[in-house]
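For reference, the structure discussed in these notes is given below.
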């Protein structure tokens, strides 16, 4: 537990997360389950998705070589490049004199004709655009799009796996329900001092019964099953409430839902 503030601990960030996973989470799992492979599950926070310092980021590049721009790693021209003769070739992201390459040279080395194309749109163009500017065109290349986060790199290097939950879907993560349960109990306790608050937090965190945690897990499984059907929005929430105590949404619940949505 950390206590952030001007005179307290630093706020939680990617660096602390990486250190915790590397030195605590993975070793604890390996000691508890020797010879097994872990599956770590994370939500979509900026810390979880953070890329390495030398990651490829088109919108942080200048139009021309050199100048004030971050060093980016070398890469391999991906298979979705429209010019087949360049696919699979290594591409250095620095020039012979050590300058960081700009958007124009990087794209021209991939076979694109960017003569007359603006470097970047202002305001920043939507992801759905393809070739409105050099930065968007380069950002849609697979080596820029499909980069592995630092978190995933560390976990896979240790021989384990991880997945990231979809954005804005806290119902798929049982720990969010656990936090809600804990916060509710914490607010019910009278706290006069900071020490009282800390002790109340510890007590609330330790007080959630195992059977309640299992119910949270089952609820997440039901939401997953409802989305696979596929249901969405209120329909999924209704099916999950209807099927309390189950891990999946049954056929009978689907029949009830169909009768509500499509009355004869």
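The values are calculated or read from the model by the stated rules, or taken from the named source; none is laboratory data. Keep in mind the model is a prediction, meaning the values are calculated, not measured. So basically every Cβ, Gly included, is an ideal-geometry build from the backbone, and we count neighbours across all protein chains shown.
Against the definition (more than 26 Å from the chain's Cα centre (by Cα) and not assigned by TED's automatic domain parsing to the domain that holds residue 39), how does residue 124 come out, yes or no?
Judged against the criteria, residue 124 is not a match.
Restricting attention to the range 106-142, which residues are surrounded by fewer than 18 Cβ atoms within 10 Å (Cβ to Cβ), out of contact with any helix residue (DSSP H, G or I) (no Cβ under 7 Å at 6 or more places or on another chain) and under 20 Å from residue 76 (Cβ atoms)?
Within the range 106-142, 108, 109, 140, 142 meet the criteria.
Restricting to the range 31-46, what's the tally of residues that are free of Cβ contacts under 8 Å to residues at least 24 places away in the same chain and surrounded by 12 or more Cβ atoms within 10 Å (Cβ to Cβ)?
1
I'd like to check something: does the range 73-85 contain any residue that is farther than 30 Å from residue 12 by Cβ and assigned to a helix (DSSP H, G or I)?
yes
Mind telling me which of the residues 225, 211, 143, 196 ends up being in a helix (DSSP H, G or I) and closer than 30 Å to residue 110 by Cα?
143
What is the one condition in (1) in contact with a helix residue (DSSP H, G or I) (Cβ under 7 Å, 6 or more places away or on another chain); (2) part of a loop (DSSP other than H, G, I, E, B) that residue 182 does not satisfy?
Failed condition: (2).
Quick one: would you say residue 142 is in the same structural domain as residue 116 (by TED's automatic domain parsing) and at pLDDT 95 or above?
Here the answer is yes, as residue 142 does meet what is asked.
How many of the residues in the range 245-264 are touching a helix residue (DSSP H, G or I) at 6+ places or on another chain (Cβ under 8 Å), outside any helix (DSSP H, G or I) and either over 14 Å from residue 172 (Cα atoms) or modelled with pLDDT of 70 or more (or both)?
Going through the range 245-264 one residue at a time, the tally reaches 3.
With the structure loaded, tell me whether residue 240 is at pLDDT below 90, part of a loop (DSSP other than H, G, I, E, B) and buried (at least 17 other Cβ atoms within 10 Å of the Cβ) or whether it fails that test.
For residue 240, the condition - at pLDDT below 90, part of a loop (DSSP other than H, G, I, E, B) and buried (at least 17 other Cβ atoms within 10 Å of the Cβ) - is not met.
Yes/no matrix, rows are residues, columns are (1) under 16 Å from residue 144 (Cα atoms); (2) buried (at least 17 other Cβ atoms within 10 Å of the Cβ); (3) without any contact (Cβ under 8 Å) to a residue 60 or more places away in the chain:
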| residue | (1), (2), (3) |
| --- | --- |
| 60 | yes, no, yes |
| 63 | no, yes, no |
| 77 | yes, yes, no |
| 80 | yes, no, no |
| 103 | yes, yes, yes |
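Go through (1) modelled with pLDDT of 90 or more; (2) over 25 Å from the mean Cα position of the chain (by Cα) for residue 176 and report which single condition fails.
(2)
Among the candidates 148, 124, single out the residue that is closer than 26 Å to residue 41 by Cα and in a loop (DSSP other than H, G, I, E, B).
Matching residue, one of 148, 124: 148.
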